[in-house]
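The values are calculated or read from the model by the stated rules, or taken from the named source; none is laboratory data. All of these numbers come straight from a predicted model, not from anything done at the bench. Cβ placement follows ideal geometry from the backbone for every residue including glycine, while neighbour counts extend to all protein chains displayed. The accessibility values were calculated without ligands, DNA or RNA, using every heavy atom of the protein model including side chains. Shrake-Rupley method; radii C 1.70, N 1.55, O 1.52, S 1.80 Å.
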Amino acid sequence: MSFTDIILQTGDFGPGDAEWIHLIVSEWQIIADVAHSDLVLWFPDHYVVADGVNAPISGPAPDSAFTAIAHVRPSNVHTLFRHDPVGSSMDETMREAASLLWADQHIHTFSVEDTFEGLNVQIKLVPIVRNSRTVALLSVHTLPFASRKPARSENIYYEVGKSLLDMVHTGLWPDSLAQDSNTHGNPRVTDGTIILNAEGTVMFASPNATSMYGRMGREGYLEDLNLADATRAMLPAGEEADEILQLVLGGREDTRAELHIGKTRVVVRSIPLRRLTPTGIERHGALLLLRDVTELRRRELELMTKDATIREIHHRVKNNLQTVSALLRLQSRRMTTDEARQGLEQAMRRVATIATVHEALSQGLTQNVEFDELIERQFHLAAELASPGQRIDTKILGSFGSLPSQFATPLALVINEIAANAVEHGLEGGAGTVTLEGVRERNEHGQDTLTVIITDNGKGMGDKVIEESGVSAFRPGNEREGLGMQIVRTLVASELNGSIRWEPNEPTGTRVIISAQLS
C-alpha cells in the first residue's frame, strides 16, 4: 500500500495530486541534507469534502488529528527522531498550527520543547499547495545553532534550504519534466555542492566539489568565479562544451550533464532556485550537486569489455561447431553404408543445434536465450532433415520465453531428437504433422516450470505409456531404442531436472510430454 493511498481515499484528490507528493518525496533527501533537518509528511485523519451545505469548504475537520505518512532523515547530521515517526500523530501544539495553516496556506515557524535531549527544536510547517488546494503538510525539524556563531557555509546552506522549501510550497519544484533524467544515479549533497548566484558566479563550493575540480586540473578555490567560463577553459583545446553542459553549469535548467576532463568524470546536476515575484517567476541562483563517477565508469567499461569478450567467445564456438558439422557432412558423403551415413548425419544435426544456441548467445548482452526464436527454425529443420522428400508440416504453439543458456542447449537437443524420431519412426515415410507446444507456469511452491509437448499423427506406439525420470532414466538402452532416445532420457533427467512421458495421441500418433523445473 502506497503512503499516498490515504490521500486518494478522501475523494477530493486525484492521481495527479498523489503523483506530485511522490515527486516531492523522491527529491526531499536534498532538502533534508541542505537544511540539516528531518522532514515529515502529514495528512489529516478526518478529511471533510465540501458538499455546499454542511461543509462549505474541504479540509481537515476542526478536531482532526494529523498522522505522519512519510519521513526522511538527513544524511550529514544527527537525526532528531530516534524512532520512525510514520504512523504517529502530531502533538497538540503542532496540530493547532496545522489546522490553521491548512486553510491559510502560509509557512509558519515555531519552537517547541522537544524530547530530544531536552533541547528546543525549531519546527517549520510548510503547506504543500497544488492547484490552489493544500494537499498535505510538510514539517521541517531543525536543531538551532547553539551559542556559537554559525559558519558562513551553514548560513548559505540554510538559505538554499529555505529557497527549496519555498519552491515546494509554491509548486515551482520538483520539476516533473526533469524526473526521468534525475531520479537514477543522482549526485547527493554529501558528494559535492556548489551554490551559484543568478549570474552563474560561485558563491560557495564544498571541499568535495573543490577537490573534484582539482582532480580535473583546476587549482585553487572556485568562489567568485563564473563556473561555466572556468569549466570551459579547462576543456581540451578545440573541444566545445555542449549546450546541456552550459545550461547545467549556469544553473539554468534542472537536468544533469557529465564532465570528462583528463581521466576524471564528474556528473553535475543543476537545480535552479526560483521565487515568485509580482512580475512573475525569477531565478535568483542555483544549487549544483557533483559526484565523481570515474571509478564507476571504469567498472562499467570493464563489464562492457567482459560482455563483448563473452559474446566473441560464443561467436567463435559457434564457428568452430559449424566447421565440425561441415566436416561431418563431408565425411558422411564418403560412407559406403547407409547406417554409417545416417550416424554421421545425426551427429551433424546435433552439433548444428548446439551451434545455434551459441549463435543466439553471441548476439545478446545476457546469458539468456529467446528460445521461441531459436526453436522455430530448428524444429522445422529437424523434421525436414529426418526424412528428405517427405511432406512434413510443423506447428508451434504456446511460448517458451527466455531461457538460461545452460537450459536452452539440452532442451533444443531433446526437442530435435524427438521431432526427428517422430518423423522417422512415427510417420515412417508418409506425410503428417508434428506439433510442438511450450507452457511456462509456476507450481504450488512458486517454482518456474516448463512443460514441452510434442505430438505426431503417425502410426503411434499402441496403448503403452512410458514415463521416466531421475535414476531410472539413466538405464542402458535396449535393442529397440536408438542413441537419440538414450540422449533424450539422459538430458531430461540430468540437465533439465525433469521427467519425460510417452503416451498415445488422439486420434492417432504419439504424444511426448517433458516436464522440467527451471528454478
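Over all directions, the projected convex hull of the C-alpha atoms in the stretch 136-259 averages 9.7 nm² in area.
In a reduced charge model with +1 at each Lys and Arg Cβ and -1 at each Asp and Glu Cβ, the stretch 239-322 shows a dipole moment near 340 debye about its Cα centre. Working ranking of peptides 442-452, 236-246 by packing, defined as the average number of other Cβ atoms within 10 Å per residue, highest first, is 442-452, 236-246.
Looking at the P(r) of the stretch 238-277, how many percent of alpha-carbon pairs lie beyond 15 Å? Counting every Cα pair in the stretch 238-277, those more than 15 Å apart make up 45 percent.
Per-residue Karplus couplings for the stretch 296-307, computed as 6.51 cos²θ - 1.76 cosθ + 1.60 with θ equal to phi - 60°, are listed in order as 4, 5, 5, 5, 4, 5, 4, 5, 5, 5, 5, 4 Hz, Gly and Pro entered as x. Mean silhouette area of the stretch 341-457, derived from the convex hull of its C-alpha atoms and averaged over all directions, reads 7.9 nm². Report the antiparallel proportion of the DSSP beta bridges in the chain as a percent, rounded to a multiple of 5. So the antiparallel bridges in the chain amount to around 90 percent. When the P(r) is computed for the stretch 66-176, the part past 21 Å accounts for 41% of the Cα-Cα pairs. For His108, the residues 5 or more places off, or on other chains, whose built amide H falls under 5 Å of its own are Leu125.
Determine the relative contact order of the stretch 408-457: mean sequence separation of Cα pairs under 8 Å and six or more apart, normalised by residue count, in whole percent. Spell out each step's value before the answer.
Numbers: 49 pairs, mean separation 18.2, N = 50.
Across the stretch 408-457, relative contact order equals 36 percent.
Amide H contacts of Val48 (H built 1.01 Å from N, in plane; Pro and chain starts excluded): Gly59, Ala61 sit under 5 Å, all sequence-distant by 5 or more or on other chains.
Close amide H pairs (under 5 Å, H built 1.01 Å from N) link Trp173 with Val168, residues at least 5 positions away or on another chain. Radius of gyration over Kirkwood radius for the stretch 1-148, both on Cα atoms: the Rg/Rh ratio is 0.97. Counting only Cβ charges, +1 for Lys and Arg and -1 for Asp and Glu, the dipole size of the chain around its Cα centre is about 1660 debye. With the cut-off at 30 Å, tell me which of the pairs Lys124/Lys149; Lys395/Lys459; Lys263/Lys318; Lys318/Lys395; Lys149/Lys263 have Cα atoms farther apart than that. In this structure, Lys263/Lys318; Lys149/Lys263 exceed 30 Å between Cα atoms. Excluding ligands, DNA and RNA, the accessible surface per residue across the stretch 25-82 is 44 Å² with a 1.4 Å probe. Sequentially through the stretch 121-128, phi angles give Karplus couplings (6.51, -1.76, 1.60; θ = phi - 60°) of 10, 8, 10, 10, 9, 10, x, 8 Hz, Gly and Pro residues having no value and appearing as x.
Can you give the extra length, in nm with one decimal, that the chain gains between Arg377 and Asn443 once fully stretched, where that is 0.36 nm per residue apart less the Cα-Cα distance?
Value of the extension gain: 20.8 nm.
Peptides 407-420, 324-337 ranked from most to least packed by the mean count of surrounding Cβ atoms within 10 Å: 407-420, 324-337. With Cα atoms as the point set, the chain shows a radius of gyration and Dmax of 34.8, 104 Å. Full extension of the chain between Asn76 and Lys464 gives 132.3 nm of extra length, using 0.36 nm per residue less the Cα-Cα distance.
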